[in-house]
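Here is the structure we will look at.
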Amino acid sequence: MPDRYAVMGHPIAHSKSPFIHRRFATETGEPVTYDALHIEPDGFGEAVARFRSEGGCGLNVTIPFKEKAFALATRRSARAARAGAVNTLWFDGTDICGDNTDGIGLVRDLVRNLAVELRDRSVLVLGAGGAARGIVGPLLDESPRVLVIANRTPSRAMDLARCFEGQGPVRAAALDALPTQEFDVVVNATAASLAGDLPSLASGTLRAGGVAYDTAYAAPPTPFVRWGTGEGAAVSTDGLGMLVEQAAESFRLWRGREPSTGPVIDALRAHLAS
């Protein structure tokens, strides 16, 4: 019998995780099944317990359950502890193990797939919610010259920056009062693209030849990707590669094998375009 895995979320019909993980299973020959499970907002803990009791082996967790997954986990990785959120669960004896693969997924897409240099670069992260929380630590691990977290509510940016004090050159700013400087890399971790909107950004925030990266993804370019192109970015892209890379890290945690991501990114891009 194949081992059972799934993604839980609310909503979940849009999820591309089953497409990705089924490709990984085919490539590696691992005997797994993978489904998308729609869970009501107040039913997450019960759903995880039921999935486990029915023989499930591991879960991906998406909006709005990442903080609930963090609370549910009895054993957390250092990455999960830094992020304060969990997107990957698996079961080991009596333990529920939790990790966060979002940040490493972003960094691998930037560094491995897009050949973006982060060391000694100025990085701007837009947003201070769960998506930003998961990526700040791994970005700081790449030794940027400075990392600025900007949010419409400055206090939230300050709170998030405090969580990473001592781990790198991190600062906070109000989105409408950014430092008067050009950034080498601008990462959109807000939910604006999901609503077809663009964060309020002044022209010149991104240096010409820089990198604009949207953690959201879509078949047509998102408003943020279009903004980056208009600002003269050398790379302006969405987060589809991040989605695949974070999934690959989850697969490695579960199965002990790291699948190839390039062919899956290409296949998913073609799937979305069709």
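The values are calculated or read from the model by the stated rules, or taken from the named source; none is laboratory data. Because the structure is a prediction, the values reported are computed rather than measured. FYI the Cβ positions are ideal-geometry reconstructions off the backbone, even for glycines, and counts take in every protein chain you see. Areas reflect the complete protein model, heavy atoms only, side chains present, ligands, DNA and RNA absent. Shrake-Rupley method; radii C 1.70, N 1.55, O 1.52, S 1.80 Å.
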*asked:* Just checking, does the range 139-150 include any residue being in contact (Cβ under 8 Å) with a residue 40 or more places away in the chain and open to solvent by 20 Å² or more (accessible area, probe 1.4 Å)?
replied: no
*Taking Val86 and the conditions (1) open to solvent by 70 Å² or more (accessible area, probe 1.4 Å); (2) assigned to a loop (DSSP other than H, G, I, E, B); (3) not small (Gly, Ala, Ser), which numbered condition does it fall short on, given that it satisfies the others?*
(1)
*Mind listing just one residue for me: the one in the range 171-199 that is among the acidic types (Asp, Glu) and part of a loop (DSSP other than H, G, I, E, B) and, of those, least open to solvent (accessible area, probe 1.4 Å)?*
Asp197
_Going residue by residue through the range 232-255, is there one that turns out to be open to solvent by less than 20 Å² (accessible area, probe 1.4 Å), assigned to a loop (DSSP other than H, G, I, E, B), among the aliphatic types (A, V, I, L, M) and under 23 Å from Val136 (Cα atoms)?_
no
*Please work out which one of (1) of a type in the set (A, V, I, L, M, F, W, C); (2) in a helix (DSSP H, G or I); (3) more than 30 Å from Val32 (Cα to Cα); (4) open to solvent by 30 Å² or more (accessible area, probe 1.4 Å) is the condition Ala202 fails and give its number.*
(2)
*strands (runs of 3 or more DSSP E) wholly in the range 1-62 with at least 1 residues that are open to solvent by 60 Å² or more (accessible area, probe 1.4 Å) and within 18 Å of Phe251 (Cα to Cα) - which ones?*
3-9
_Just to be sure I understand the filter: pairs with C-beta atoms under 6 Å, separated by 6 or more residues or on different chains, first member in the range 18-35 and on the phi < 0 side of the Ramachandran plot, second member of a type in the set (Phe, Trp, Tyr). Which pairs pass?_
Pro18/Tyr34; His21/Tyr34; Arg22/Tyr34; Phe24/Phe251; Val32/Tyr5; Tyr34/Tyr5
_Near pairs, Cβ below 9 angstrom, 6+ apart or cross-chain, from the range 197-222 (without any contact (Cβ under 8 Å) to a residue 12 or more places away in the chain) to any residue that is in a loop (DSSP other than H, G, I, E, B) and among the hydrophobic types (A, V, I, L, M, F, W, C)_ = none
